[in-house]
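Let me begin by presenting the structure, written as structure tokens, before commenting on it.
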Ligand code: ADP
């Protein structure tokens, strides 16, 4: 800044160019320029006064004037310089300091040692800067401390979370791993109960046993739900990819709910879009589980009205991606509905819309949680719309693969057709069956089931023992079937089967896996090892017998085995048995049902003829034939009415036999009609 810097100006926020509408920054004039102007004016006044005085005294002298002007200029320069040094420079330094602070640099300024307020101001400014720097350091330290604490806390939380997840994972893995150990005793309980139920019991004992059986089935259902959820949570649930009949699967699920819906007097309707591909590739077991859960809920929570199932797939032209089909399933009911605020949480595990629900309808709140997870595994989604008092609709969308023309649905084309000639009671001698099972209870259960049908049964405790027994067996009395557990000590079922298959002699011997090891891929492993079939435990007696029948090769010559002793009516539980059957192996059950319904008219005619001819032997034989066939498909009303006819035949009471025949006809008709026909097609031509 110079002495003549009269016009020097600066403004606050010089760098920011004001935009339109913003107030212009205020402009400041420098202190030294103000002083210079003031000094110049003062000098000018002094010179003017002296000159005026000289003119009045007539002592005006040019030299004096010049000398005076020089003095004035020098004094003005001295004052300006003094001002500059004393005021302007320290203030300029202060201003630079403030600018530095504004820009975030806390630097002390150089203080002019003037020994006055200016120096005091400079010192104060530097002290303020020092205090600011100190507090800024403290703030930074504090911030660092806080950040460190947050980091530690986050780490602790993450650690705790990892531990919790690991614990949950361990729990899930534990449950998934012990599923074998849990299912095996259940197998024993249920199997033994089935066996006892088939024996002669007093009405009171039967009722007590039925109650126990109901409890066992509920426990099994709960166990299955918990194990499924654990399997999903442990990441051990994988979807299989096998061809299956989508339409048939939906039909089966609807049929399985038929008895429950009929019991509650509600209509069960299914609408299948025409042109649905018969076969798709996916996991039929899990898809069945999804649909069965939704359907059983719909029936459970509906007291009047109807339950409707809709099935659609994307047209092949709009198939999602290469070879994929979008399957849309809709299950709607006119039941109790779900309150709006509960809708978001019903898919959570152990959640029910209302606490009173478990008391009134039962259930655990696991079904929809499993369903949602399974749908997600199918890359699909599930949602619900509901209105309390009016009903609910569940919408499921999922993706399956379109099956090529060459793929055959599991269970229909791939399996041998069940014919009358290879049933026990047909023209076949008693078959020899080898049970390979390490669990004593299971041995007893399966033995009891098979012996009731007069099969000859031998037991091996492990795979090695099975091979030893087979080797010791002569050609004249061979085994016709092996029921093989998978997990066994010494030699497991897979190894044992491989050893069996290596021997030419047993090339054709059917080996059926019988295992509680119902994990993913087990079926494939068993088939790869050379087994012919697969049944999971707990073994359902009807299912086991049907499977045994299916795999037994016709044995030439010999004495045909009689069917087991007449079992009293298995009671209403057969409905759940039927449901289980339907849901566990629909194709087999379906083909058995079709066969049964096809043969039924001829059998009814024979019964009628036997009554007309008062032929008790023929009447009893025909009734027993029907009992045997109906038991394998768990058609309880048919079995009990046929048994009524058989009893009447024993007493030669043809009046009761005729009444029984009417009931039997009705029961068979119900069997044909009850499974709801889909898309207007009759299920069977009875
Ligand atoms: P659960 O049926 O064993 O209780 P879910 O997980 O299958 O368990 O269902 C959870 C809850 O969702 C049920 O308790 C019920 O409150 C509600 N819910 C499911 N389906 C229906 C339905 N169709 N109608 C009314 N409420 C339903």
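Coordinate-derived values only; no laboratory data. All values derive from a computational prediction rather than experimental measurement. All Cβ positions, glycine included, derive from the backbone under ideal geometry; neighbour counts span all protein chains shown.
The per residue volume of the convex hull around the alpha-carbon atoms of region 68-217 is 185 Å³.
By the beta-carbon count within 10 Å of each Cβ, the least crowded to most crowded order of 80, 614, 640, fewest first, is 614, 640, 80.
From most to least packed by mean Cβ count within 10 Å, the peptides 242-255, 213-226 give 242-255, 213-226.
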